[in-house]
Amino acid sequence: MERCIVIGASHGGSQVVASLRQQGWEGEIVLIGEEPWLPYHRPPLSKTFLAEDKAIEDILIRPEAAYVKAAVDLRLSSRVVAIDGAAPSATLEDGSVIEGTYLVLATGAVARHLPIPGAELAGVHVLRNAADVGAIKQRARAGRCAVIIGGGYIGLETAASLRKLGMTVTLLEAEERVLARVTGPEISAFYERVHGEEDVEILTGAMAAEIVGDAEVSAVRLRDGRTIDADLVIVGVGILPATTLAEDAGIAVDDGIVVDEQCQSSMPGVFSVGDCARHFNSFYQRSVRLESIQNATDQAKTAAAAMCNKPAPKAVIPWFWSDQYDIKLQIAGLSQGFDQIVVRGSLDEGRSFAAFYYKDEALIACDAVNRPKEFMLAKKVLSEGKSIPAIRVSDESIDIRELMPS
């Protein structure tokens with residue numbers, strides 16, 4: 001009997017399992033995950049799961065009954081140490097070998113660690129999984145001081161959650177503005193204003209030189225000599241794709257496991273989906289590795305269709321989201337390479353606007369803050385390969401429904 005071995009029990013792996021059965025797969029399915037829990041939603045970790053009294057059962061992607069119904073062989077708390085793509089097979093840490101017809105690498109990514117003194121002290125954490133959040137919660141108390149190193153979305157979301165818990169929060173960003181790698185300076189300024197209004201101290205151009213403490217953290221020392229008190233330090237300086245299994249097996253890797261339009265790697269029978277996979281994006285005509293739930297889910301559906309000899313689902317425009325305080329940011333498309341930003345609404349007051357990104361006068365992306373209509377408009381326009389004249393976007397006297405090109 002055919003068997004599909006899925007390595008990685010998060011969004012991508014869980015969706016592969018579900019989609020295989022939906023596509024009519026009658027063979028065996030083995031889902032292997034290193035964590036002891038069923039696949040759970042990752043986005044809430046830095047938001048509601050951290051700031052509220054949530055249990056892991058509250059954020060499961062699917063209940064256990066769904067895996068039982070799909071006759072999935074769940075191997076939780078299990079680590080794969082090697083794969084053989086030619087067989088294909090997976091070797092577990094206990095030495096057992098699982099052989100199959102297909103392998104799916106949904107191994108995700110791992111948090112970058114800071115190579116500075118004191119990074120291993122008690123009280124210094126990354127925020128990547130439920131265990132990380134559990135450890136952070138033990139130190140997150142009202143009146144205590146937290147230092148967040150890294151001003152990306154995870155850092156900002158974590159800052160918002162810790163402020164909700166009543167902590168004093170200082171955020172350090174090495175670049176001259178937060179979100180420098182993913183958005184325009186206008187959007188960075190907006191988020192710096194909002195976090196300032198919420199009493200988060202943001203220090204830009206600030207490089208951490210050392211985490212100070214004896215057995216546990218007590219402060220963070222900057223390269224310029226300043227010292228910031230800290231009962232808790234959270235490092236959010238990005239992630240790295242988990243590609244070791246693929247590399248060791250001789251599978252092509254280039255900042256991610258290289259896959260084709262069917263999510264198949266350079267080795268026949270081995271697929272890869274999610275944060276660890278690099279693919280050619282037909283909308284932007286370039287190779288990308290996307291760190292988003294939407295991408296992991298869509299790639300999982302594509303891989304499952306390929307293994308079942310079914311047509312691939314239609315490609316969709318990349319989209320993302322972030323929740324901070326009373327702000328919901330919805331992002332449609334990829335803004336890298338933009339040469340113009342047009343804003344609908346005000347960046348200087350309130351908390352509602354939409355920023356439209358253009359390149360060579362063509363719309364390429366949109367950041368919508370508490371503007372769901374603008375987000376849906378941009379997503380639809382981009383999906384259809386169309387654009388909106390920039391001069392019309394900025395004019396709020398024009399009804400949003402009238403901006404959709406014919």
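Whenever a residue of the stretch 271-284 is open to solvent by less than 30 Å² (accessible area, probe 1.4 Å), it has no partner that is of a type in the set (Lys, Arg) and modelled with pLDDT under 95 lying with C-beta atoms less than 7 angstrom away and at least six residues away or across chains.
Consider HIS11 carefully, then state whether it is open to solvent by 30 Å² or more (accessible area, probe 1.4 Å) and within 30 Å of ILE154 (Cα to Cα). Steps first, please.
Values: open to solvent by 30 Å² or more (accessible area, probe 1.4 Å): no; within 30 Å of ILE154 (Cα to Cα): yes.
No: the conditions fail for HIS11.
Scanning the stretch 388-405 finds no residues that are open to solvent by 60 Å² or more (accessible area, probe 1.4 Å), more than 21 Å from VAL182 (Cα to Cα) and touching a Pro at 6+ places or on another chain (Cβ under 6 Å). For ARG351, indicate whether it is open to solvent by 20 Å² or more (accessible area, probe 1.4 Å) and touching a helix residue (DSSP H, G or I) at 6+ places or on another chain (Cβ under 7 Å). Considered against the rule, which asks whether it is open to solvent by 20 Å² or more (accessible area, probe 1.4 Å) and touching a helix residue (DSSP H, G or I) at 6+ places or on another chain (Cβ under 7 Å), ARG351 comes out as yes.
Please determine whether any residue of the stretch 230-246 is among the charged types (D, E, K, R) and assigned to a loop (DSSP other than H, G, I, E, B). So far as the stretch 230-246 goes, yes, one or more of its residues are among the charged types (D, E, K, R) and assigned to a loop (DSSP other than H, G, I, E, B). All told, ALA332 falls short of being modelled with pLDDT of 95 or more and either polar (S, T, N, Q) or more than 30 Å from GLU197 (Cα to Cα) (or both).
Taking the condition more than 20 Å from the chain's Cα centre (by Cα), open to solvent by less than 60 Å² (accessible area, probe 1.4 Å), closer than 20 Å to ARG139 by Cβ and among the aliphatic types (A, V, I, L, M), does ALA159 pass? No, not satisfied. Of everything in the stretch 19-44 that is more than 23 Å from ALA111 (Cα to Cα) and of a type in the set (A, V, I, L, M), the residue that is surrounded by the most Cβ atoms within 10 Å (Cβ to Cβ) is LEU20.
Taking first residues from the stretch 90-112 that are among the hydroxyl-bearing types (Ser, Thr, Tyr) and partners that are open to solvent by 20 Å² or more (accessible area, probe 1.4 Å), the Cβ contacts under 6 Å between residues at least 6 apart in sequence or on separate chains come to THR91/VAL81; THR91/ALA82; THR91/VAL97; THR101/GLU2; THR101/ARG3; THR107/ALA242. Of all residues in the stretch 227-243, those satisfying the criterion of being over 19 Å from the mean Cα position of the chain (by Cα) and surrounded by 14 or more Cβ atoms within 10 Å (Cβ to Cβ) are ILE228, ASP229, ALA230, ASP231, LEU232, VAL233.
Taking only the stretch 193-202 into account, find how many residues are open to solvent by less than 60 Å² (accessible area, probe 1.4 Å) and either over 17 Å from ALA146 (Cα atoms) or under 24 Å from the mean Cα position of the chain (by Cα) (or both). Steps first, please.
Taking the stretch 193-202 first, the residues open to solvent by less than 60 Å² (accessible area, probe 1.4 Å) are 193-196, 198, 200, 202.
Still in the list and also either over 17 Å from ALA146 (Cα atoms) or under 24 Å from the mean Cα position of the chain (by Cα) (or both): 193-195, 200, 202.
Count: 5.
Which residues, taken from the stretch 257-270, are touching a Gly at 6+ places or on another chain (Cβ under 6 Å) and open to solvent by less than 10 Å² (accessible area, probe 1.4 Å)? Before you say what the answer is, go through the steps one by one.
If we filter the stretch 257-270 for residues that are touching a Gly at 6+ places or on another chain (Cβ under 6 Å), which is where we start, we get 267, 270.
Listed by number, the list holds a single entry, VAL270.
Residues considered: ASP214, ASP254, ASP224. Of these, the only one that is over 30 Å from ASP326 (Cα atoms), open to solvent by 30 Å² or more (accessible area, probe 1.4 Å) and out of contact with any strand residue (DSSP E or B) (no Cβ under 9 Å at 6 or more places or on another chain) is ASP214.
Yes/no per residue for (1) under 20 Å from ILE327 (Cα atoms); (2) among the aliphatic types (A, V, I, L, M); (3) over 19 Å from the mean Cα position of the chain (by Cα):
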site	(1), (2), (3)
GLU35	no, no, no
ARG42	yes, no, no
LEU45	yes, yes, no
THR48	yes, no, no
ALA55	no, yes, yes
ASP58	no, no, yes
ILE61	no, yes, no
ALA65	no, yes, yes
ALA71	no, yes, yes
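Restricting to the stretch 291-316, count the residues that are touching a Phe, Trp or Tyr at 6+ places or on another chain (Cβ under 8 Å) and assigned to a helix (DSSP H, G or I).
So the first thing to find is which residues in the stretch 291-316 are touching a Phe, Trp or Tyr at 6+ places or on another chain (Cβ under 8 Å), and the list is 292, 294, 303-304, 306-308, 315.
Subsequent filtering for residues that are assigned to a helix (DSSP H, G or I) retains 294, 303-304, 306-307.
The total comes to 5.
Given the options THR168, THR158, name the one that is under 30 Å from PRO39 (Cα atoms) and at pLDDT 95 or above. Spell out how you get there, then give the answer.
Values: THR168 fails: under 30 Å from PRO39 (Cα atoms).
After ruling out the rest, the residue left standing is THR158.
Of the candidates LYS310, LYS373, LYS301, the single residue that is closer than 30 Å to VAL17 by Cα, open to solvent by 70 Å² or more (accessible area, probe 1.4 Å) and more than 21 Å from the chain's Cα centre (by Cα) is LYS310.
Pick out the one residue from GLY85, GLY100, GLY134, GLY108 that is touching a Cys at 6+ places or on another chain (Cβ under 7 Å) and on the phi < 0 side of the Ramachandran plot. Let's see the steps before the verdict.
Details: GLY85 fails: touching a Cys at 6+ places or on another chain (Cβ under 7 Å); GLY134 fails: touching a Cys at 6+ places or on another chain (Cβ under 7 Å); GLY108 fails: on the phi < 0 side of the Ramachandran plot.
Of the residues listed, the single one that is touching a Cys at 6+ places or on another chain (Cβ under 7 Å) and on the phi < 0 side of the Ramachandran plot is GLY100.
Every condition in (1) open to solvent by 10 Å² or more (accessible area, probe 1.4 Å); (2) over 30 Å from GLN340 (Cα atoms); (3) within 23 Å of the chain's Cα centre (by Cα); (4) not polar (S, T, N, Q) holds for ALA189 except the one numbered (2).
Can you find, within the stretch 45-61, the residue that is nearest to GLY13 (Cα to Cα) among those that are in a helix (DSSP H, G or I), open to solvent by 30 Å² or more (accessible area, probe 1.4 Å) and touching a helix residue (DSSP H, G or I) at 6+ places or on another chain (Cβ under 9 Å)?
To start, the set of residues in the stretch 45-61 that are in a helix (DSSP H, G or I) comprises 45-46, 48-51, 56-59.
Subsequent filtering for residues that are open to solvent by 30 Å² or more (accessible area, probe 1.4 Å) retains 48, 57-58.
Filter again for touching a helix residue (DSSP H, G or I) at 6+ places or on another chain (Cβ under 9 Å), leaving 48, 58.
Values: THR48: 23, ASP58: 19 Å.
It comes out as ASP58.
The values are calculated or read from the model by the stated rules, or taken from the named source; none is laboratory data. Nothing here was measured: the structure is a model prediction, and the numbers come from that model. Note: ideal-geometry Cβ built from the backbone for every residue, glycine included; neighbour counts use all protein chains shown. Please note that ligands, DNA and RNA were not included when accessible areas were found on the heavy atoms of the full protein model with its side chains. Shrake-Rupley method; radii C 1.70, N 1.55, O 1.52, S 1.80 Å.
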